[in-house]
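Worksheet for the structure shown next.
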């Protein structure tokens, strides 16, 4: 069973070898603890180069749910809420982490995993007095949980809508690597940094052992976050471990290379499905694709591959989710393509 | 400045090379996420062998504050409190993490970092009605924050006191490696596992890149903890990273070797201080020692070494804290010994 | 403006005179604080007579949101959720109190303010692992927020569904007085007490100055609740004030008389609307009615009466909400009926 | 047993008759809910007249623990702490309400229930980095829990110390009525309002059925507090009930009359103890006195009176606490005085 090839997710392997090398090279140097080390410092400098914003305040944490709950509960007052898609990761797959930190999530019905400004405005308009929470933030994921990607125009529109409604914009970038390198979208880290009040750059799903880099737009937004990290158990004693991930990812563009590889592998798969006449539940543009295939084919494929059956459409057909990553081998893709022919 | 030798703490370096090797060897095997991987499984089996208790329920988390807040708030009801020494890590160095998770800490004045059963009983007796919190747990650290170690007899006494007062006993083992290998104390992991309702085995301060292994005495105590880990942002997607630390530490007794090395280095330092006529603020038995030296000597030493001035005793004398670790080189110790002669 | 007659809600006046009398009669007797007084004791005895369950554990609190957040967060573990209608009071009108206490609300689309067992089962089935919250309670309101009332058969079905899914059933009885005295439904407090694990009897909306009586089915469910009340700031020093409300309400059936009066007044209004050919958004059975009337009529009525425009149906028609209470005078009803003719 | 005269506390009776009268007079007027009524409005105007600060933002809540937890957790960020005496009500008699709302309390050893600026400064100085909480508020009680009262000079000193350390000053005025009317101290509500950032005026212990009036120095400090009140279950539907208490207390100086009466009764008792040669644990200046008497006398007195034995000094002597109130009859005092002769 372990010998099946897995397309279940983008965190089935350890780390890209270059990241392990960075860990090894820096391993025995004595460094200060809790993120005050020189490795974190260098990593932050590389990221700031990418954001183009010298005021960026960067904090490394170990995972996505941790990043989401820390950012949201740091920035909101107790009675303030966050607006998200009903498919948003914070709503469906974080065991109520946001509510446990004290905040309601106001939901917008998604379209291919995305929200739009009509949805935001409707929620703002419906919350009128102190018997209801006060919406104060918009949360989106880029890529979304359904593999789609907001275009630059869509992000600008959402960002403007947030500004005019006094809402903060928070972009969950667990899969930002594949979003920024998708051939379907023209978008840079600089754009993200300009449009969001706070976002994070996912390491875990793009080749790191662990780690997400939270980027606040300025120190006013991040004020006290160093205390909050420690209080919530998110400040690693050997912060250098997190720094090493992002140093390796950003000093020579590894971050983009890995995202590109994942996208190329997924695109190759998607092409094959299209060529064989299959359609998709959502248009494939990143490293998560959702082809619609006969149940019989899905069953055959599970003999050799691991993946999620996302949805049963009817007695005969299912949507499956296939996820590629930095570690996906082209030979796996080729083999899979043969198996769907 | 970076070239000074640091005795500031036991987390100044990365990981022991054998741990990095384990990471590398397992790196490209596809594994399930969130701790369901085969590496975590193996690591748990090795730990259970050490605890001697097949009912042990083990969970890996990234750091000590995280372990403390998760365990305490998982086991206590909102109005229940935890009893600790006034020098306890949860009281003084976790940015109010326990209170932020909702619980009061009832303090016992420490003696060399330890509490005793008179202190526990006094707190229990003082809490009599629903206008006060209800003490429900005792927290101790082994080694303590002042480098001392509870003897087996002391632990048994505390454990019995807890049972008779219906209190859970939680042992913070951030430095359990040096406690179990101290020449001053005869104590095994089996003893700890028998006496505590829950404890954790510190990886971070004993050679791991990160990671603490929380051990509940049985599944009743740990019920729902898998949900709670995820909700609090403590469940790593690549749980294998944590598993690899403990697999490497426990499959060939590396855990004990590293603790022993740290203790031996500290003992050598302590001997030298004694030989030179210096006394100690607390008796040196583990990898943290607290010699009392002239301020002038302390100042001289800071030119070549990093360490904390723990306390100013008077105009002339200070207590310093020196911490050794798995990574402390004997040559550093020898050089330091020369410098205090 | 103050001289308009208000049908906005059922808490526009102070207390029924008999309640004030009870306050006055008991006023200068010295009593223990914090609910240990003889007045609370008597009130509880009367309520237990009504529930028919000597194991009932009763606690008085000052208001409905307080009761809801205390009961829900007392009974749920942090990662457990409560299931409710999307029109439920806890979802829409409590400023995120439940989420602020740490818990997600799983929503069921309502039908006339009610949920059904298909909705409950669907939520239970969709929550399968530790990346999602664990549904552990069902919350319903009786009467609902749309004035409807669950029949005994419906409640039994829900109660059984809860039992078979290991869910607690909590009934918000802010308007239980009008539910139990509605001519549309045959239901007693004994039924409620048998079917719910915990419920509360609303005083505030049925003639009391303040106060809701929380009733747990047994002491196991209420264990520690006395501590929790105090911790959350809900334990009144002069608990006697709350006791006096419920003593007056239950010693001579005032509770039922007041509910009946409110229902009769609302029914009279409803009849008049029907007679004039108007229909209703939800069938009128309690003290909240939702007639559909022309906007022009609504505007005319607002010159003399206060009430909420609940919903705009189209350019010409609106749903309005009219609420009667124990204090509604028949002359007001008669006058209003004239004004809609 | 009920026929014993109680000196246990100042909340053994209901309300002063004038307060009940106000409730009765306003009872059947229809008013808006949730504190938007005309009675609350009038009450606030009277209080603002007393504070002399038109920017005062006033909110009525039902009790002291509720006021304390709401104010403290509203004003502090999660990692910020509040400084208090180790005898402070929030530390010893609120079931961990402050910690449950997320905040650590930094303790100063009290002197007769008071703190001083050396204690404040020592705590500020000891909190230096993000591994510790960040002190952000000072909490004092006026009168203190030991019956003592801060002088105007002491309050000014504390207020200045707070300002220079960027700490908010919060005064718990559960017994402010007896503090402001003590013959030992010259202090007005205006002084309190000038020196504190936020304080509350206790109704419950000074003749009201329930209710404390929280006074923020300006709207910036109170921003969002209306939402927070609702979220925490502290916003009463019939806010008028709270308004009526404070309207009655402040429209004709009843507040001061009741405080004065309590003080006079206590002073009479204190004189008698002095005349009989007894000393006090703390100097008697308000309505709580702590005479030191033989155990045998204490035992004799318990046959006719209820009061707390505060402390056992030795085998023969105890400190008792006697509390007078607005409702204490002079005849009780006279009788008690006879009984100690």
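The values are calculated or read from the model by the stated rules, or taken from the named source; none is laboratory data. What you see is a predicted model; the values in this text were computed from it and never measured. Cβ: placed from backbone, ideal geometry, glycine included. Neighbour counts: every protein chain shown.
Of C:25, C:30, C:42, all but one fail to be more than 11 Å from every other protein chain (Cβ to nearest Cβ) and either part of a loop (DSSP other than H, G, I, E, B) or farther than 29 Å from residue C:94 by Cβ (or both); the exception is C:42.
The selection criterion, being without any contact (Cβ under 8 Å) to a residue 40 or more places away in the chain and within 20 Å of residue A:265 (Cα to Cα), holds for residue A:17. The single condition from (1) surrounded by fewer than 18 Cβ atoms within 10 Å (Cβ to Cβ); (2) over 30 Å from residue C:219 (Cβ atoms); (3) more than 11 Å from chain D (Cβ to nearest Cβ) that residue C:87 fails is (1).
Which members of the range A:216-254 meet the condition of being under 29 Å from residue B:9 (Cα atoms), in contact (Cβ under 8 Å) with a residue 24 or more places away in the chain and either within 18 Å of the chain's Cα centre (by Cα) or not in a helix (DSSP H, G or I) (or both)? If the condition is that a residue be under 29 Å from residue B:9 (Cα atoms), in contact (Cβ under 8 Å) with a residue 24 or more places away in the chain and either within 18 Å of the chain's Cα centre (by Cα) or not in a helix (DSSP H, G or I) (or both), then A:224, A:232, A:234, A:235, A:236, A:237, A:238, A:239, A:242, A:245, A:246, A:249 are the ones that fit.
Checked against (1) free of Cβ contacts under 8 Å to residues at least 60 places away in the same chain; (2) buried (at least 23 other Cβ atoms within 10 Å of the Cβ), residue C:37 passes all but a single condition, namely (1).
For every residue, the table says whether it meets (1) on the phi > 0 side of the Ramachandran plot; (2) more than 10 Å from chain B (Cβ to nearest Cβ); (3) surrounded by fewer than 20 Cβ atoms within 10 Å (Cβ to Cβ); (4) more than 18 Å from the chain's Cα centre (by Cα).
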position: A:10; (1), (2), (3), (4): no, no, no, no
position: A:52; (1), (2), (3), (4): yes, yes, yes, yes
position: A:63; (1), (2), (3), (4): no, no, no, no
position: A:77; (1), (2), (3), (4): no, yes, yes, yes
position: A:92; (1), (2), (3), (4): no, yes, yes, no
position: A:95; (1), (2), (3), (4): yes, no, no, no
position: A:102; (1), (2), (3), (4): yes, yes, no, yes
position: A:106; (1), (2), (3), (4): no, yes, no, yes
position: A:109; (1), (2), (3), (4): no, yes, yes, yes
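Could we say that residue D:18 is in a helix (DSSP H, G or I), more than 9 Å from chain C (Cβ to nearest Cβ) and over 21 Å from the mean Cα position of the chain (by Cα) here? Yes; evaluated as a whole, the condition is true for this residue.
Could you please find all residues in the range C:128-151 being over 24 Å from residue C:189 (Cβ atoms) and either buried (at least 16 other Cβ atoms within 10 Å of the Cβ) or in contact with a helix residue (DSSP H, G or I) (Cβ under 8 Å, 6 or more places away or on another chain) (or both)? Those that are over 24 Å from residue C:189 (Cβ atoms) and either buried (at least 16 other Cβ atoms within 10 Å of the Cβ) or in contact with a helix residue (DSSP H, G or I) (Cβ under 8 Å, 6 or more places away or on another chain) (or both): C:130, C:131, C:132, C:133, C:134, C:135, C:136. Does the range C:321-331 include one or more residues that are free of Cβ contacts under 8 Å to residues at least 24 places away in the same chain and exposed (fewer than 14 other Cβ atoms within 10 Å of the Cβ)? Scanning the range C:321-331 turns up at least one residue that is free of Cβ contacts under 8 Å to residues at least 24 places away in the same chain and exposed (fewer than 14 other Cβ atoms within 10 Å of the Cβ). Total residues in the range A:210-229 satisfying the condition of being within 14 Å of chain B (Cβ to nearest Cβ) and surrounded by 24 or more Cβ atoms within 10 Å (Cβ to Cβ): the figure is 5.
Flag not set for residue D:114, criterion: in contact with a strand residue (DSSP E or B) (Cβ under 7 Å, 6 or more places away or on another chain) and within 28 Å of residue A:223 (Cα to Cα). Of the helices (runs of 4 or more DSSP H) entirely within the range C:152-209, those holding at least 2 residues that are over 16 Å from the mean Cα position of the chain (by Cα), surrounded by fewer than 21 Cβ atoms within 10 Å (Cβ to Cβ) and in the same structural domain as residue C:74 (by TED's automatic domain parsing) occupy C:152-164, C:189-195.
Determine whether residue A:127 is in the same structural domain as residue A:217 (by TED's automatic domain parsing) and over 21 Å from the mean Cα position of the chain (by Cα). Criteria met by residue A:127. Report yes if residue C:81 is over 17 Å from residue A:91 (Cα atoms), within 14 Å of chain B (Cβ to nearest Cβ) and modelled with pLDDT of 95 or more, otherwise no. No. Would it be correct to say that residue D:50 is touching a residue at least 40 places away in the same chain (Cβ under 8 Å) and either touching a helix residue (DSSP H, G or I) at 6+ places or on another chain (Cβ under 9 Å) or within 17 Å of residue D:247 (Cβ to Cβ) (or both)? In short, yes.
Is it the case that the range B:115-124 has a residue that's closer than 30 Å to residue C:33 by Cα, without any contact (Cβ under 8 Å) to a residue 12 or more places away in the chain and within 13 Å of another protein chain (Cβ to nearest Cβ)? Looking through the range B:115-124, none of the residues is closer than 30 Å to residue C:33 by Cα, without any contact (Cβ under 8 Å) to a residue 12 or more places away in the chain and within 13 Å of another protein chain (Cβ to nearest Cβ).
Residue-wise test of (1) buried (at least 24 other Cβ atoms within 10 Å of the Cβ); (2) within 30 Å of residue C:104 (Cα to Cα); (3) outside the structural domain of residue B:188 (by TED's automatic domain parsing).
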position	(1), (2), (3)
B:238	yes, yes, no
B:266	yes, no, yes
B:274	no, no, yes
B:278	no, no, yes
B:287	yes, no, yes
B:295	no, no, yes
B:312	no, no, yes
B:317	no, no, yes
B:335	no, no, yes
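For the residues C:62, C:12, C:3, the requirement of being under 26 Å from residue D:29 (Cα atoms) and out of contact with any strand residue (DSSP E or B) (no Cβ under 8 Å at 6 or more places or on another chain) singles out C:3.
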